[in-house]
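The values are calculated or read from the model by the stated rules, or taken from the named source; none is laboratory data. As the structure is a prediction and not an experimental result, all values here were calculated from the model. Methodologically, a virtual Cβ is constructed for each residue, glycine included, from the backbone with ideal geometry; neighbour enumeration extends over all protein chains shown. Remember, those area values only see protein heavy atoms, side chains included, never the ligands or the DNA or RNA. Shrake-Rupley method; radii C 1.70, N 1.55, O 1.52, S 1.80 Å.
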Amino acid sequence: MGRTAAHGGGLRLVLLGAPGVGKGTQAAEIQRRTGVPHISTGAMLRAAVKEGTPPGQKARAIMERGALVPDALVGPIMAERLARPDAGGGFLLDGFPRTVGQADLLDRILAERGQGLDRVINVVVPEPEIIDRLTGRRLCAACGATFHVRSNRPRAEGVCDACGGALRRRDDDAEAAIAERLRIYQEQTAPLVARYQRAGLLLTVDGRGRPDEVFERIASSIPGLRG
Ligand code: ADP
Ligand code: ZN
């Protein structure tokens, strides 16, 4: 990983983009290639809900209807996560920041460390395709593998190809919650695109096509990403 060493601590990246554009898929590939930790607020919050921790109990109903968990709850979780040693050598944020307040918090955390972001990757997919992707998405409850009822069908209906686990729909992939998530994205998160554009950090990438095609578009603009 020559790039990581030359960079003095690894890449610091943010994945921006509406729900359903494939941020999680791209994040997993970037982590695999570079070794920087993939930090997903959605995954951390879902884990907190599952464990029934106090923040998880507060977040549960909010997430189910597709709304954003308050900054006051997400902020401390992220500050703590970014302070862990593995994030000192670079990170890949997926689902954070999602509001102006969260972006301000991230700026403050990085400024204290004398660091900055390297790139903000904005993955873009037209809304009708997003809705198709999310309504058809199915996840393995056991191993987390994702499938799609039309475009990436499991060999046996409702059964994970990888581990045999049961496939289910994420609670917030119900139609009403999807509409709410897209509305909130436009209202609260889309303004961050202009902010990072002004900061000279934005890389906008077409999220259509196969995951490996999307990855190539990202990697062709960020040296060192191919690992
Ligand atoms: P998606 O990007 O497909 O909406 P995520 O897994 O990133 O999926 O997020 C799922 C849900 O978790 C969001 O709808 C929201 O309720 C909550 N969430 C995740 N990240 C944040 C965040 N940074 N701030 C507030 N809520 C968040
Ligand atoms: Zn599985």
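A few points about this structure:
- When the Cα gyration tensor is reduced to axis lengths a ≥ b ≥ c, the ratio a/c is 1.5 or higher for region 122-227, and with a/b not above b/c it is classed as oblate.
- The chain: most fluctuating residue of Gly116, Gly90, Gly165 per GNM, C-alpha cutoff 10 Å: Gly165
- The accessible surface of the chain, taken with every protein chain in place and a 1.4 Å probe, is 52 percent carbon and sulfur.
- Computed from point charges on the beta carbon alone (+1 for Lys and Arg, -1 for Asp and Glu), the dipole magnitude for the chain about its Cα centre is near 300 Debye.
- Pairwise centroid distance, computed over Cα atoms, of region 76-108 with region 201-225, Å: 22
- In a reduced charge model with +1 at each Lys and Arg Cβ and -1 at each Asp and Glu Cβ, region 89-144 shows a dipole moment near 180 debye about its Cα centre.
- Degrees between helix 127-136 axis and first principal axis of the chain (Cα, 0 to 90, nearest 10): 60
- Solvent accessible area, Å² - Ile130, 1.4 Å probe, full protein context: 10
- Full-extension gain in nm, Ala199 to Thr146, via 0.36 nm per residue minus C-alpha separation: 15.7 nm
- Prolate/oblate/rounded call for region 42-137, Cα gyration tensor, a/c under 1.5 rounded: oblate
- Computed label-point distance, nm, for sites Arg155 and Glu129 using a 7 Å Cα→Cβ extension: 3.0
- Most mobile listed residue (Lys23, Lys58, Lys50) in the chain, GNM with C-alpha springs under 10 Å: Lys50
- Given R0 = 35 Å, the distance between the Cβ atoms of Cys163 and Asp104 translates into a calculated FRET efficiency of 0.30.
- Excluding ligands, DNA and RNA, the accessible surface per residue across the chain is 49 Å² with a 1.4 Å probe.
- Segment Arg226..Arg84, full-extension length gain: 48.6 nm, with 0.36 nm per residue of separation and the alpha-carbon distance subtracted.
- From the Kirkwood radius over Cα pairs of the chain, Stokes-Einstein at 20 °C and 1.002 mPa s returns a whole-number translational diffusion coefficient of 118 µm²/s.
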